[in-house]
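A.B. asks: Dropping the structure in here first, questions after.
Derivation of every value follows stated rules applied to the coordinates shown; laboratory data play no part. Predicted, not measured: the structure shown is a model, and the values here were computed from it. Methodologically, a virtual Cβ is constructed for each residue, glycine included, from the backbone with ideal geometry; neighbour enumeration extends over all protein chains shown.
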Amino acid sequence: MKAPVHVAVTGAAGQISYSLLFRIASGDFLGPDQPICLHLLEITPALGALEGAVMELNDCAFPLLQSVSMSDDAEVAFKDIDFAFLVGARPRGPGMERKDLLEANAAIFSVQGKALNKVAKRDVRVLVVGNPANTNALIAMNNAPDLDPRNFTAMTRLDHNRAMSLLAEKTGNHNTDVTKMTIWGNHSATQYPDLHNCLINGEDALSKVDASWYADDFIPAVQQRGAAIIKARGLSSAASAASSALDHMRTWVQGTADGDWVSMGIPSDGSYGIEEGLIYSFPVTVKDGDYSIVQGLEINDFSRERMIATENELKEERDGVKHLL
Ligand code: NAX
């Protein structure tokens with residue numbers, strides 16, 4: 001039997017985790033032969049609810065699940081972990097301004113970044129799901145000076161998956177027929193889902209749809225999909241977010257398929273003129289556990305304008321929390 005991997009999940013009593021924990025423990029993350037130890041982090045008032053979720057995890061009698069620990073202290077939860085799913089975040093409360101929300105989350109992610117820096121394995125892979133995901137990842141990364149910045153990522157895989165599925169539906173194909181989808185920028189309404197390099201069954205996706213559908217329907221539909229789900233369900237996306245978080249981490253470990261890529265929020269190295277250091281979503285390929293930004297894509301004026309708009313939003317978010325970086 002393989003040695004267990006140690007996986008931390010924050011916000012473990014929340015709704016995304018209610019799907020995520022069970023899928024990690026059942027083998028959906030790293031396969032049916034990889035034992036798992038779960039390290040769960042919650043705020044103190046939610047530890048009671050978390051106990052209930054842990055009782056259910058135990059009741060599943062998952063063969064792969066070796067241990068489950070709970071804590072309200074990040075330095076305890078992150079001790080010697082291999083993977084961190086940072087899902088927990090402060091939701092926007094009544095009357096809370098965007099600035100207050102950024103600050104409240106910045107405070108959480110600076111503490112968690114410091115804890116990762118102090119106690120996690122040196123090659124820990126970190127995925128930030130909690131919003132504002134890109135800027136939260138930036139804060140965690142900047143508070144972990146002893147860890148490789150490349151190990152801090154933010155989730156835009158849900159946006160990527162949404163875009164693939166909406167395009168497949170529109171063109172009467174299956175999502176597995178769609179390759180080379182790209183989400184640029186922030187996981188927010190400014191993100192830019194780009195079809196210029198996207199293929200459907202190996203053929204140019206843009207040749208299969210109207211330019212007006214692309215600009216006026218598709219892009220806003222991907223950008224607003226989260227809001228559409230809240231409207232329909234009365235709750236924000238949870239199972240799909242958990243599923244995409246698993247996709248993100250699994251791809252990071254196992255690699256991308258030949259001839260395809262995925263979207264990941266990662267520290268910019270200046271590629272495509274995006275300011276270095278921002279956590280920006282790029283198209284990436286992954287090989288041997290390491291990601292590389294897809295280079296050499298042609299960027300036209302339509303794309304450039306949208307890539308800059310979402311970059312500007314990320315700069316504003318960063319400038320709002322500069323004191324915590
Ligand atoms: P919930 O409110 O159901 O759960 C969040 C949990 O985090 C709560 O149990 C809370 O007690 C806990 N928490 C708060 N502060 C914490 C801290 N300092 N340490 C540990 N735990 C803490 O939210 P849920 O629906 O699970 O969503 C979680 C986050 O994911 C939200 O920020 C949400 O906006 C974000 N999302 C991000 C997505 C993405 O694609 N990047 C998509 C889905 C989702 O909207």
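A.B. asks: Using a cut-off of under 11 Å, list every residue of region 241-255 whose amide N is near the label point 7 Å from the Cα of residue 295 along the Cα-to-beta-carbon line.
C.D. replies: Correct set: none at all.
A.B. asks: Taking residue 79 as the anchor, which lysines have their alpha carbon closer than 18 Å to its alpha carbon, excluding any fewer than eight residues away along the same chain?
C.D. replies: Straight-line reach from residue 79, under 18 Å: 114, 118, 121.
A.B. asks: Just the number: Rg to Rh for the chain, Cα atoms, Kirkwood Rh, two decimals.
C.D. replies: That ratio is 0.95, to two decimals.
A.B. asks: So which lysines pass the test for residue 99, namely a Cα distance under 17 Å, with those fewer than 8 places away in the same chain ruled out?
C.D. replies: 315, 322
A.B. asks: If you don't mind, another one. Restricting to DSSP loop positions (anything but H, G, I, E, B) with no more than 13 other Cβ atoms inside 10 Å of their own Cβ, which trypsin sites (Lys or Arg not before Pro) remain in region 1-81?
C.D. replies: Loop-located and lightly packed - 2.
A.B. asks: In addition: Fully extended, how many nm does the chain gain between residue 66 and residue 201 (0.36 nm per residue separation, minus their Cα-Cα distance)? Before the final figure, lay out each step's value.
C.D. replies: Working: separation 135, 0.36 × 135 = 48.60 nm, distance 4.18 nm.
Once the chain is fully extended between residue 66 and residue 201, it gains 44.4 nm.
A.B. asks: Please work out how much length the chain gains when fully extended from residue 213 to residue 231, using 0.36 nm per residue of separation minus the C-alpha to C-alpha distance, in nm with one decimal.
C.D. replies: Extra length available between residue 213 and residue 231 comes to 4.2 nm.
A.B. asks: Within region 91-180, which trypsin sites (Lys or Arg not before Pro) sit in a loop by DSSP and count at most 14 neighbouring Cβ atoms inside 10 Å?
C.D. replies: Those that pass, being in a loop and sparsely packed, are 92, 122.
A.B. asks: Nearest 20 debye, what's the magnitude of the dipole of the chain about its Cα centre given +1 on Lys and Arg Cβ and -1 on Asp and Glu Cβ? Write out the running numbers ahead of the final one.
C.D. replies: Working: 28 positive and 42 negative charges, 102 e Å.
Here the size comes out at about 500 debye.
A.B. asks: Under 20 Å Cα to Cα from residue 208, which lysines show up? Leave out anything in the same chain fewer than 8 places away.
C.D. replies: Counting by Cα, and skipping residues close in sequence, residue 208 has these lysines nearby: 170, 180.
A.B. asks: So who's got an amide H within less than 5 Å of the one on residue 39, skipping anything under 5 residues away but keeping other chains? H placed 1.01 Å off N, in plane.
C.D. replies: Sorted by chain and number, the residues that satisfy this are 7, 8, 9, 69.
A.B. asks: Using the Karplus curve 6.51 cos²θ - 1.76 cosθ + 1.60 with θ = phi - 60°, work out ³J(HN,Hα) for each residue of region 252-265 in order, rounded to whole Hz, and write x for Gly and Pro.
C.D. replies: With coefficients 6.51, -1.76 and 1.60, one gets 4, 7, 9, x, 8, 5, 4, x, 9, 8, 10, 9, 9, x Hz.
A.B. asks: Compute the signed sum of charges (Lys and Arg +1, Asp and Glu -1) over the other residues within less than 15 Å, Cβ to Cβ, of residue 279. Present the calculation step by step, with values, prior to reporting the outcome.
C.D. replies: On the way: positive: 125, 150, 157, 315, 318, 322; negative: 148, 159, 269, 275, 276, 311, 313, 316, 317, 319.
With Lys, Arg at +1 and Asp, Glu at -1, the neighbours total -4.
A.B. asks: Label points 7 Å out from Cα along the Cβ direction at residue 176 and residue 118: separation in nm?
C.D. replies: Using points 7 Å along Cα→Cβ, the separation is 4.7 nm.
A.B. asks: What percent does the relative contact order of the chain come to when contacts are Cα pairs within less than 8 Å and at least six residues apart?
C.D. replies: Answer for the chain is 17 percent.
A.B. asks: Just need the relative contact order of region 5-154 here, percent rounded to a whole number, with Cα pairs under 8 Å and 6+ apart.
C.D. replies: Value for region 5-154: 23 percent.
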